[in-house]
Amino acid sequence: MKLFIATLGTETNTFSPFVTSAQTFEETYLTRGGGHGDTPNTFAVPLVLWRQRAEALGWDVVESLCAFAMPSGVTLRTLYKQYKEEILADLRAAMPVDAVLLCIHGAMVVEGFDLPIADTDGIDCADAEGDLFEAVRAVIGPDVPFGAELDLHCHLTEKKVRNTDALVLYKEYPHTDFPERAEDVFEIIKATVEGKVRPVQSLHDCGAVGVFHTTREPMRSFVDHMIALEGDESVLSVSLGHSFPWADVPELGVRSLVVTDNQQAKGDEIAADLCRRLNEIYDAAQPPYLKLDEALDQAIALAEDPGQGPVVLADVADNAGGGASNDSTFMLRRVLERGIGDIAFANFWDPIAVQLAISAGEGATFDLRLGGKMGPMSGDPIDLRVTVKKIIRDARQTFGKPPRTSKGRMGDAVSLQLENGVEIGINSLRTQSTNPDALTQIGIDAPNKRFIVVKSMQHFHAGYAPIAKAILYVAAPGTMIPYFDQLPYGIARRSLRGIDG
Ligand SMILES: [Zn+2]
């Protein structure tokens with residue numbers, strides 16, 4: 001038996017001020033032919049796991065590209081073509097293969113997504129992974145089992161489903177379950193190769209966009225229901241594609257996907273029922289966003305309550321994980337104006353400030369212009385007098401829940417001290433904070449701060465919830481402002497619930 005595996009992923013915010021380039025992939029994670037080391041990067045985990053499982057069965061494994069880019073704006077078309085051709089060339093060289101497993105995000109949008117396919121060398125730029133799947137299927141033919149693991153923020157398009165045998169999405173947001181879902185899709189493809197099951201997929205359009213945290217009700221019970229449905233032997237996998245609302249693509253929207261063992265009608269029924277249930281709980285499922293001052297007022301009140309740990313304020317609109325700059329100054333400015341102290345910020349992306357702080361050295365005090373560099377959605381820069389507390393070169397931070405944790409790159413990281421117990425983490429690679437170790441490693445005592453502002457939509461939750469007294473979601477201005485009726489969609493259906501206002 002021979003298994004072919006590869007990773008190609010990013011989540012494209014078509015409203016983001018950046019493009020996704022080769023450098024974006026290189027800085028996030030890019031390797032070829034395996035060799036992920038003893039502590040695999042977060043984005044390599046599924047490939048490492050599939051290789052271990054396959055080799056334990058005595059299968060040969062051919063690993064192609066493993067490339068993942070921090071979410072940004074559209075991916076350059078020449079780059080997508082290059083990665084696609086590389087994967088296809090490796091696949092052709094490996095033929096005949098008995099199975100294919102790909103790890104993708106599922107919301108990659110390529111430059112030219114707003115043009116007709118005839119003008120983009122035949123590439124379906126609005127659905128890059130659907131385009132890739134179609135090309136892979138053309139190489140392997142209709143009978144080779146082909147599965148993939150996707151982020152739940154994928155656009156679950158008909159092309160992706162049509163060209164594969166089994167797609168399995170993460171169920172949890174934050175995505176703490178990606179190793180388990182990698183196991184799930186491996187099991188389905190293994191059973192298919194062995195002739196024990198014949199997977200068929202049922203897709204249903206829920207007609208909505210939104211943000212669905214699975215850490216709270218009613219989504220917690222919704223996910224538990226999906227898991228319970230998989231208790232039926234003929235139901236191989238149940239997924240909900242949340243979609244990624246900051247993308248102006250034709251198939252934007254929440255969709256359910258059910259993989260059954262050759263039970264199309266049953267799968268169709270379950271998929272339709274999931275959308276019905278989702279629409280029932282839709283309003284209650286949306287995060288309880290607070291306006292900036294309202295959030296600061298609540299945080300101050302909560303800090304007076306008995307109990308340990310900081311009040312964590314999520315600056316959701318400046319989430320690098322969704323294509324924002326991580327350098328917006330709206331919250332910092334208001335915190336300084338209101339004189340709020342004993343507060344840490346995780347974390348500003350400001351490579352120039354990092355460079356200046358490193359050159360000044362630990363203990364140096366100087367005037368620094370911080371943040372606000374990437375466009376109107378970053379706000380204005382802030383002039384500060386700072387002291388450099390600690391510098392860590394090539395810093396990493398934890399993602400996930402023990403024991404299945406992995407490490408993500410942060411670049412060089414520095415802590416800055418201001419008056420009044422205000423401390424700011426800055427770093428040179430654009431990334432959201434997923435764990436308080438982003439702060440503690442640079443000498444900021446995160447668990448004992450009164451407040452922490454974290455520039456993240458929800459992935460911070462896995463790492464910060466265990467130390468937080470309370471968590472507030474703040475809708476300050478920023479690239480990822482979570483009011484979809486205000487986004488300038490031109491292609492996506494405006495009739496979707498959540499956009500229709
Ligand atoms: Zn996601």
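V254 meets the conditions (1) over 18 Å from the mean Cα position of the chain (by Cα); (2) free of Cβ contacts under 8 Å to residues at least 60 places away in the same chain in every case but one. The failed one is (1).
Looking at E129, E86, just one residue is within 16 Å of the ligand (Cβ to nearest atom) and not in a strand (DSSP E or B), and that residue is E129.
The one condition from (1) under 22 Å from the mean Cα position of the chain (by Cα); (2) of a type in the set (A, V, I, L, M, F, W, C); (3) within 19 Å of R255 (Cα to Cα) that V200 does not meet is (1). Identify the residue in region 16-39 that is among the acidic types (D, E) and closer than 20 Å to N427 by Cβ and, among all such residues, is modelled with the highest pLDDT. So the residue we want is E26.
When the residues of region 405-436 are filtered to those that are more than 22 Å from P71 (Cα to Cα) and in contact with a Lys or Arg (Cβ under 9 Å, 6 or more places away or on another chain), which remaining residue is surrounded by the most Cβ atoms within 10 Å (Cβ to Cβ)?
We begin by selecting, within region 405-436, every residue more than 22 Å from P71 (Cα to Cα); these are 414-424.
Filter once more, so that each one left must be in contact with a Lys or Arg (Cβ under 9 Å, 6 or more places away or on another chain): 414-419, 421, 423.
Values: V414: 30, S415: 26, L416: 26, Q417: 18, L418: 20, E419: 12, G421: 14, E423: 24.
So the residue we want is V414.
Can you find even one residue in region 444-452 that is assigned to a strand (DSSP E or B) and touching a residue at least 12 places away in the same chain (Cβ under 8 Å)? Yes - at least one qualifying residue is present in region 444-452. Of all residue pairs spaced 6 or more apart or on separate chains, those with beta-carbon atoms under 7 Å, a first member in region 463-486 that is in contact (Cβ under 8 Å) with a residue 60 or more places away in the chain and under 13 Å from F330 (Cβ atoms) and a second member that is of a type in the set (K, R) and assigned to a loop (DSSP other than H, G, I, E, B) are A475/K291. Within region 165-174, restricting attention to residues that are crowded, with 22+ Cβ neighbours inside 10 Å and in contact (Cβ under 8 Å) with a residue 24 or more places away in the chain, the residue that is farthest from the ligand (Cβ to nearest atom) is D165. Could you please find all residues in region 132-156 being surrounded by 24 or more Cβ atoms within 10 Å (Cβ to Cβ) and either within 16 Å of the ligand (Cβ to nearest atom) or part of a loop (DSSP other than H, G, I, E, B) (or both)? Once the filter is applied, which keeps residues that are surrounded by 24 or more Cβ atoms within 10 Å (Cβ to Cβ) and either within 16 Å of the ligand (Cβ to nearest atom) or part of a loop (DSSP other than H, G, I, E, B) (or both), region 132-156 yields P145, A148, E149, L150, L152, H153, C154, H155, L156. The requirement of being modelled with pLDDT of 95 or more, more than 16 Å from the ligand (Cβ to nearest atom) and either charged (D, E, K, R) or not in a loop (DSSP other than H, G, I, E, B) (or both) is not satisfied by T7. All told, P402 meets the bar of being outside the structural domain of D177 (by TED's automatic domain parsing) and surrounded by fewer than 17 Cβ atoms within 10 Å (Cβ to Cβ). Scanning region 420-443 for residues that are in a loop (DSSP other than H, G, I, E, B) and either free of Cβ contacts under 8 Å to residues at least 12 places away in the same chain or not aliphatic (A, V, I, L, M) (or both) returns S428, R430, T431, Q432, S433, T434, N435, P436, Q441, G443.
Would you check if V414 is within 23 Å of G307 (Cβ to Cβ), touching a residue at least 12 places away in the same chain (Cβ under 8 Å) and not in a loop (DSSP other than H, G, I, E, B)?
Details: within 23 Å of G307 (Cβ to Cβ): no; touching a residue at least 12 places away in the same chain (Cβ under 8 Å): yes; not in a loop (DSSP other than H, G, I, E, B): yes.
No; evaluated as a whole, the condition is false for this residue.
Looking only at region 450-462, residues that are surrounded by 24 or more Cβ atoms within 10 Å (Cβ to Cβ) and either over 19 Å from D151 (Cα atoms) or acidic (D, E) (or both) come to 5 in all. Would you confirm whether any residue within region 195-203 is modelled with pLDDT of 95 or more, within 16 Å of the ligand (Cβ to nearest atom) and surrounded by fewer than 23 Cβ atoms within 10 Å (Cβ to Cβ)? Within region 195-203, not a single residue is modelled with pLDDT of 95 or more, within 16 Å of the ligand (Cβ to nearest atom) and surrounded by fewer than 23 Cβ atoms within 10 Å (Cβ to Cβ). Just so you know, in region 205-221 the residues that are farther than 20 Å from F15 by Cβ and touching a Leu at 6+ places or on another chain (Cβ under 7 Å) include one that is farthest from the ligand (Cβ to nearest atom), and it is G207.
Assess whether Q52 counts as being farther than 27 Å from D124 by Cβ and modelled with pLDDT of 95 or more.
Numbers: farther than 27 Å from D124 by Cβ: yes; modelled with pLDDT of 95 or more: yes.
So Q52 fits the description; yes.
Checking the stated criteria, S221 turns out not to satisfy the condition of being of a type in the set (S, T, N, Q), over 26 Å from V316 (Cα atoms) and either free of Cβ contacts under 8 Å to residues at least 60 places away in the same chain or not assigned by TED's automatic domain parsing to the domain that holds I104 (or both). Filtering D165, D127, D131 for residues that are at pLDDT 95 or above and either more than 28 Å from P17 (Cα to Cα) or of a type in the set (A, V, I, L, M, F, W, C) (or both) leaves a single hit, D165.
Do we have any residue at all in region 23-30 that's β-branched (V, I, T), touching a Lys or Arg at 6+ places or on another chain (Cβ under 8 Å) and in a helix (DSSP H, G or I)? First the steps, then the outcome.
Restricting attention to region 23-30, the residues satisfying the condition of being β-branched (V, I, T) are 24, 28.
Add one more test, that the residue is touching a Lys or Arg at 6+ places or on another chain (Cβ under 8 Å), and what stays is 28.
Cutting the leftovers down to in a helix (DSSP H, G or I) gives us 28.
Yes, region 23-30 contains at least one residue that is β-branched (V, I, T), touching a Lys or Arg at 6+ places or on another chain (Cβ under 8 Å) and in a helix (DSSP H, G or I).
Among the conditions (1) under 20 Å from D151 (Cα atoms); (2) modelled with pLDDT of 95 or more; (3) among the small types (G, A, S), G400 misses just one, which is (2). Restricting attention to region 322-336, the residues being surrounded by fewer than 24 Cβ atoms within 10 Å (Cβ to Cβ) and within 16 Å of the ligand (Cβ to nearest atom) number 0.
The values are calculated or read from the model by the stated rules, or taken from the named source; none is laboratory data. This one's a predicted model, so the numbers in the text were calculated from it and none came from an experiment. Reconstructed Cβ throughout: ideal geometry from the backbone, glycine too, with neighbour counts over all protein chains shown.
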